[in-house]
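Values quoted throughout were computed directly from the atomic coordinates according to the rules given, and no laboratory measurement underlies them. Since the model is a prediction, treat every value here as computed from it, not as a measurement. Cβ placement follows ideal geometry from the backbone for every residue including glycine, while neighbour counts extend to all protein chains displayed.
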Amino acid sequence: MRICVVDGQGGGIGSAIVKRLRESLGNGAEIIALGTNAIATAAMLKAGANKGATGENAVVRTLARADVVVGSIGIIMAHAMMGELTPAMAEAVAACPALKILIPMTQERVQVVGVSTQPLPHMIEEMVAILRKEVTG
């Protein structure tokens, strides 16, 4: 299973996701860090991603081969992450056939109705539970 984690800025959310996925799934899954910048990619690699790539072309090309895409809800919004997430990146996430498991972070001034506010670690745990269910069928 190829899991792509998309993040930008300092890579804090992405690295927390990668670390928890690696703890939960072990080495059985391929975790690919896709950063909008080199700092985010490096943080996710340090957290345990198998490999990583940076920038628009890397994100667009790699997502085409993903089984699952994870990250904050901003990865489907053009110009999110203070402009780091390009329209092409957002389109690639939204259009790829992979399952997308998104954390409803509110930095982009978007409120998702029906979603309760939880601390980030709790949302990551819920993301891992959904992914584990997907992996085990």
Taking a ≥ b ≥ c as the square roots of the eigenvalues of the Cα gyration tensor of region 77-135, is the shape rounded (a/c under 1.5), prolate (a/b larger than b/c) or oblate? oblate
Can you give me the distance in nm between label points at VAL113 and ALA129, each placed 7 Å from the Cα along the Cα-to-Cβ direction? 2.5
Taking θ = phi - 60°, what integer Hz values does the Karplus form 6.51 cos²θ - 1.76 cosθ + 1.60 yield along region 26-41, in sequence order, with x for Gly and Pro? x, 8, x, 10, 8, 9, 10, 8, 10, x, 6, 8, 5, 5, 5, 4
Grab the DSSP H runs of the chain that are 4 residues or longer, score each as -39,500 (n - 2.57), total them, divide by all residues and round the 222 nm result to the nearest 500 deg cm²/dmol. -12500 deg cm²/dmol
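Taking only C-alpha pairs under 8 Å that are 6+ residues apart, what is the relative contact order of region 2-136 in percent?
Details: 253 pairs, mean separation 31.7, N = 135.
Value for region 2-136: 23 percent.
Pick out, in residue order, every one of the trypsin sites (Lys or Arg not before Pro) in region 1-110 that is DSSP loop and has at most 13 other C-beta atoms within 10 Å; say none if there are none. Let's see the in-between values first.
Numbers: sites: ARG2, LYS19, ARG20, ARG22, LYS46, LYS51, ARG61, ARG65, LYS100, ARG109; in loops: ARG65, ARG109.
Listed in order of number, the matching sites are ARG65, ARG109.
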Amide H neighbours of ALA80 under 5 Å, at least 5 residues apart or on other chains, H built in the peptide plane: list them. LEU85
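Tally Lys and Arg at +1 and Asp and Glu at -1 over the other residues with C-beta under 13 Å from the C-beta of ILE39: what net charge comes out? Walk me through the numbers before you get to the answer.
Values: positive: LYS46; negative: ASP7, GLU84.
Its environment carries a net charge of -1.
Quick one: net charge around ALA92, please, counting Lys, Arg +1 and Asp, Glu -1 for every other residue with C-beta under 9 Å from its C-beta. Don't skip to the end; give the middle numbers.
Details: positive: ARG61; negative: GLU56, GLU91.
Spelling it out: positives minus negatives among the neighbours equals -1.
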Under 20 Å between alpha carbons, and skipping anything fewer than 8 positions from LYS19 in its own chain: which aspartates and glutamates qualify? ASP7, GLU30, ASP67, GLU125, GLU126, GLU134
Mind sorting MET89, MET81, MET127, MET1 by how few other Cβ atoms lie within 10 Å of their own Cβ, fewest first? MET1, MET127, MET81, MET89
Dipole of the chain [Lys/Arg +1, Asp/Glu -1 at C-beta], most positive-end residue of ASN57, THR106, VAL128: VAL128
Using only the Cα atoms of region 2-136, build the gyration tensor, take square roots of its eigenvalues as a ≥ b ≥ c, and label the shape rounded, prolate or oblate: rounded if a/c is under 1.5, else prolate if a/b is larger than b/c, else oblate. rounded
Neighbour-count order for THR86, THR117, fewest beta carbons within 10 angstrom listed first: THR117, THR86
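Would you mind ranking SER24, SER72, SER116 so that the residue whose beta carbon has the fewest other beta carbons within 10 Å leads the list?
SER116, SER24, SER72
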Neighbours of GLN118 by Cβ distance under 14 Å: Lys/Arg at +1, Asp/Glu at -1, summed charge -2
